[in-house]
Amino acid sequence: MHQTPPPFRPLNIRILTASDTRSAAEDKSGDYLAAALQNAGHTLEGRQLCRDEKYQIRAAASDAIADPAVEILLITGGTGMFDRDITPDAVEILFDRPIPGFGEIFRAVSLEEIGLSTIQSRATAGIANRTLVFCLPGSTGACRTAWEKVIAPQLDPRINSCGFTRVFNAWDK
């Protein structure tokens with residue numbers, strides 16, 4: 001017997017850009033994510049820019065995680081291999097439960113696009129206080145790959161009835 005998938009439910013998503021070099025006017029990755037999530041039918045619950053400083057990132061992420069209106073936090077920037085790339089180090093300590101498959105799948109999908117350079121990405125995800133948190137690279141192309149090929153399909157039960165929306169359905173009960 002074929003079951004009808006659950007209906008689409010718009011989710012409240014906040015964007016945090018971690019960067020020492022970008023202003024809000026230059027945040028093309030954040031612009032892309034804001035447009036993409038709204039085009040998919042979700043709600044932009046705010047945007048913020050902070051410096052690549054461990055405790056600034058952690059504080060901004062903590063504020064989003066503590067806000068009951070925020071269901072998903074997308075953090076862009078700071079997932080590479082350089083000294084200033086500290087987003088995973090700042091955020092993973094906040095996770096109640098990591099989602100290791102996200103980074104694995106993101107790198108697998110990225111392999112097709114950028115080759116072995118994908119090994120340098122420390123993209124990660126987890127759940128913190130019933131908030132899904134995704135740490136994405138800072139490039140617009142990487143954000144597009146993460147959103148279109150990994151995250152968005154997981155947030156739409158019409159595409160993937162076994163995606164992340166099942167978590168929200170369980171929490172709503």
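The values are calculated or read from the model by the stated rules, or taken from the named source; none is laboratory data. Worth saying up front: this structure is predicted, and the values here are computed from it rather than measured. Here the Cβ positions follow ideal geometry from the backbone for every residue, glycine too, while neighbour counts run over all protein chains shown. Ligands, DNA and RNA are excluded from the accessible area calculation, which covers all protein heavy atoms including side chains. Shrake-Rupley method; radii C 1.70, N 1.55, O 1.52, S 1.80 Å.
Where the Cα atoms of the chain are projected onto their three principal axes, how long is each span, largest first, in whole Å?
Here the spans come out as 53, 37, 30 Å, largest first.
Using the Cα centre as the reference, give the magnitude of the dipole from point charges on the C-beta atoms of the chain (Lys, Arg: +1; Asp, Glu: -1; all else neutral), rounded to the nearest 20 debye.
On the way: 18 positive and 21 negative charges, 80 e Å.
Dipole about the Cα centre, nearest 20: 380 debye.
Would you look at the GNM of the chain, springs on alpha carbons closer than 10 Å, and say which of Ala36, Ala125, Ala61 moves the most?
Of Ala36, Ala125, Ala61, the Gaussian network model singles out Ala36 as fluctuating most.
Give the Debye-formula value of log10 I(q)/I(0) at each listed q (0.23, 0.26, 0.30 Å⁻¹), with one equal scatterer per alpha carbon of region 18-71, two decimals each.
-1.01, -1.11, -1.16
With each run of n ≥ 4 DSSP H residues scored as -39500 (n - 2.57), what mean residue ellipticity at 222 nm is computed for the chain after dividing by its residue count and rounding to the nearest 500 deg cm²/dmol? Don't skip to the answer; put the middle values down first.
Values: 6 runs with 59 residues, N = 173.
Estimated from H runs of four or more residues: -10000 deg cm²/dmol.
What number comes out for accessible area per residue over region 1-132 if the probe is 1.4 Å? Units Å², please. Intermediate values should be presented prior to the final figure.
Numbers: 7000 Å² over 132 residues.
Per residue, region 1-132 has an accessible area of 53 Å².
I'd like the carbon and sulfur percentage of the solvent accessible area for region 32-118, probe radius 1.4 Å, heavy atoms only, ligands and nucleic acids excluded.
Values: 2430 of 4490 Å².
In region 32-118, the share of accessible area belonging to carbon and sulfur is 54 percent.
Based on the alpha-carbon set only, what is the convex hull volume of region 72-173 divided per residue, in Å³?
Details: hull volume 9.2 nm³, N = 102.
Here the figure is 90 Å³ per residue.
Are there GluC sites (Glu not before Pro) in region 43-97 that DSSP puts in a loop and that have at most 16 other Cβ atoms within 10 Å, and which ones?
Details: sites: Glu45, Glu53, Glu71, Glu92; in loops: Glu53, Glu71.
Here the sparse-neighbourhood loop sites are Glu53.
Over the Cα atoms of region 1-49, what Rg and Dmax result, in angstrom?
14.9, 54
Using the Karplus curve 6.51 cos²θ - 1.76 cosθ + 1.60 with θ = phi - 60°, work out ³J(HN,Hα) for each residue of region 64-79 in order, rounded to whole Hz, and write x for Gly and Pro.
Ordered by residue, 3J(HN,Hα) equals 5, 5, 7, 7, x, 6, 8, 9, 9, 10, 9, 10, 10, x, x, 9 Hz.
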